[in-house]
1. Among M114, M167, M600, rank each residue by its count of other Cβ atoms within 10 Å, from fewest to most, as a rough exposure measure.
2. Roughly how large, in nm² to one decimal, is the mean projection of the convex hull of the alpha-carbon atoms in the stretch 151-277?
3. Hey, got the dipole for the stretch 306-453? About the Cα centre, +1 on K and R Cβ, -1 on D and E Cβ, debye to the nearest 20?
4. May I have the pair-distance distribution P(r) for the stretch 306-453, computed from all Cα-Cα distances with 10 Å bins from 0 and rounded to whole percent?
5. Peptides 426-434, 136-144: what's the order by average Cβ count within 10 Å, highest mean first?
6. Using each residue's phi in the stretch 253-261, evaluate 6.51 cos²θ - 1.76 cosθ + 1.60 at θ = phi - 60° and report the 3J(HN,Hα) Karplus result to the nearest Hz, with x for Gly and Pro.
7. Let's test this: bin the Cα-Cα distances of the chain at 20 Å from zero up to the farthest pair and state each bin's percent.
8. Mind checking Rg over Rh on the stretch 577-660, alpha carbons, Kirkwood formula for Rh?
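Nothing in this text is a laboratory measurement; each read-out follows from the coordinates by a stated rule. Just so it is clear, the model here is predicted, and its values are computed rather than measured. As a convention, Cβ positions derive from the backbone with ideal geometry for all residues, glycine included, and neighbour counts pool all protein chains shown.
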Amino acid sequence: MPAATFDPKNFPETEEDIDFTDIEQAYPLPQDEGFDSLVVVDNVPVVDQSKEEKLVTVLKKLITKAAGPIKENGLFMPTENKDGKRVTKGYCFVDFENAESAHTAIKNLDGHRMDKSHVLAVNRLTDIEKFTALDDQYVEPEQEEFVQKEHLRSWLTDSQARDQWVMYRADDVSIFWNRKTETPEHEYSRTNWTETYVQWSPLGTYLTTFHRQGIALWGGPSWNKIVRFVHPGVKLIDFSPNERYLVTWSNEPINVSRIPEGSVNPFTEEDEGNQIVIWDTLTGALLRSFPVVQTGDAPKAISWPMFKWAPTEKYFARLVAGQQISIYEAPSMGLVGKKSVKIDGVADFEWSPANPNSGDDKIFQKEEVLAYWTPEVGNQPARVTIMGVPSKEIIRTKNLFNVNECKLQWQSQGHYLAVKVDRHTKTKKSTFANIEIFRLCQKEIPVETLELKEAVIAFAWEPKGDRFAIITTSDPNLGVSAGPNGQAPAILKTSVGFYYLDNSKAVVAYRPLKIFDKKTSNHLFWSPKGRHLVAATLRSTTVFDLEFYDLDLEPAADKKDIAKEDVGANVHLISTQEHYGVTDVEWDPTGRFVITGSSMWRHTADHGYCLWDFKGLLLFRQTIDKFKQLLWRPRPESLLSKEQKKKVRKNLRQYSKVFEEEDLAVGDAATAQLVATRRKLVEQWYTWRKQTEKRVTEERAEVGKEIKTASDEGKLEVVEEWIEEVVEETEEIVE
């Protein structure tokens, strides 16, 4: 009732019957401030006063378990008088400690069935006004006409099974087909397609371009825009392994008020101030945003990716250095077990690439696996730990001593984990490296220590294999960033080594396969199919070596000097090449070609790229002014079964004949086209000459000049030329 007509003899039965309009008008409270932690829970059972306390206890227990703690007296359940009894109204208000818990409650409790007749409906308090504004009369939505979309993997149907690459030069972004020794076939180009750089999705479905207002994904035969993600100032992105989710980061915190009116705005007040956003690539929907966590007073360099994905995309996690690992579940975006894993001093972690549902008989873990390491703290040694997710059960640990730094390296199938450990001597005057190898393909997960006397500057597993390559050095210039007087740092003397798992002896262990000394290589690039490797000297100003290795090249049959116990006899450096100014090395998805690029982002001269085959033979070279970036388009996993792949390998010679005939046909066609072009040019020349001669004759006749004709015109002179050639020559000694 209105405040002006309030009668003290007719006191309202409940608090809800009191009219607070005059107070609300005098002290207005903005509806969008202060209510982020409040939710409304509907469809709560209606009970009388005798059961109200029990119902509140049950609800508090249910809500706290699903979403986190609520404030003291944070659950309020309105009541009313009905038939002389005080009963609940069937809904309640819940005030959480923070807005994140309220968001989690909506995700986890909306649609929760308390019993057969009560299914909870959970909404934000600020959404109630929006829902009450809905029209009471249902209007059936208009059904949109079906529009056939383009096939996003149509490039895989190329009749010649060629691969594509994207090139960014000056302001132009172009797509090309690889044609080996021939000029690449142009597919599509666009000027100012991106503002910073381009990036393929992991399976090659999308091409990503960067813009001031966000990210755009492109694909299909016509290269139309597929979806757009609004995130102002975005600098870095990362896809989940199967391209279902996209993570974007901007150095500018989200400010909802700065997004122009009329443009798409996916953000709400909950996203204000955050810098990381996770999106659904299929729908373009914003799933959740996160702040950047700073563990110290001074801001640190960004470590990317901030969120690392499990191979199944079911979980993703991020590190809070020195404190915890927060593991989230997709697509709900909630913390696994409603809390982070507290780990004092944790420095880094990596997910195993093994999918527990792949059917791999060498994978004994029945859930996702991640590994992390912690440094030495006081008397506690450094430690490498392998943990299962979502159970968070510790599977294996290994203590390490005298540790400076660790680097976790998973083999591509998750069968092995290599931990490169940089150690120091007890006096801390010198450093060296060890490699701890965890064999997860065995139930006990044995750990082998490979002791090295030198520093390891590069490590790389062979894809889908148990061999690995390392680059080591004992050069005293290691770690020297620049020479005196601003000179470039000295080139390190390095060794390239290959190691294999020796099963021939009683003790299974990793042993050297072959070591190549006196090198300058500092980066390793395995072919995606294994066997072949490129060791390159990058970011140098004087040395630009490219070394092509083959680990399974059979030695000649007549080489009898090769001992039977020489396990490295098949490992050969098959080619050494040079690409001046090389900055990048990219294998194509088939492992047959390598592109080396010289980008203007790294230096100022001789920009362009070279195309090599896996043996190090130069196939094509192109110098391009303002060349920036070149990336092969990735391919998804083959759909062929193991049996079908075996059949292809068995009949490889038969298929190779067909491929050779096609290559010859392409070569003949190219030659025929070249001859036809030259003939056409000659014909154009003679036509122009005749027309010119006719015009000159007419002009001379008009001015009255005599046209002289040579006296021998029309006569034909035949010149014979004799050429002597020695067919055979025999020498005899006459006594």
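1. On the way: M114 16, M167 23, M600 19.
Final ranking by Cβ density, sparse to dense: M114, M600, M167.
2. On the way: hull surface 36.9 nm².
Computing the convex hull of the Cα atoms and averaging its projections yields 9.2 nm².
3. Working: 21 positive and 17 negative charges, 84 e Å.
The calculated dipole for the stretch 306-453 is roughly 400 debye.
4. The percentages, shortest bin first, are 11, 41, 34, 12, 2, 0.
5. Details: 426-434: 12.3, 136-144: 5.7.
Going from most to least packed, we get 426-434, 136-144.
6. Result, ordered by residue: x, 5, 10, 4, 6, 7, 6, x, 5 Hz.
7. The percentages, shortest bin first, are 11, 36, 28, 15, 7, 2, 1, 0.
8. Values: Rg = 17.0 Å, Rh = 15.1 Å.
Expressed as Rg/Rh, it is 1.13.
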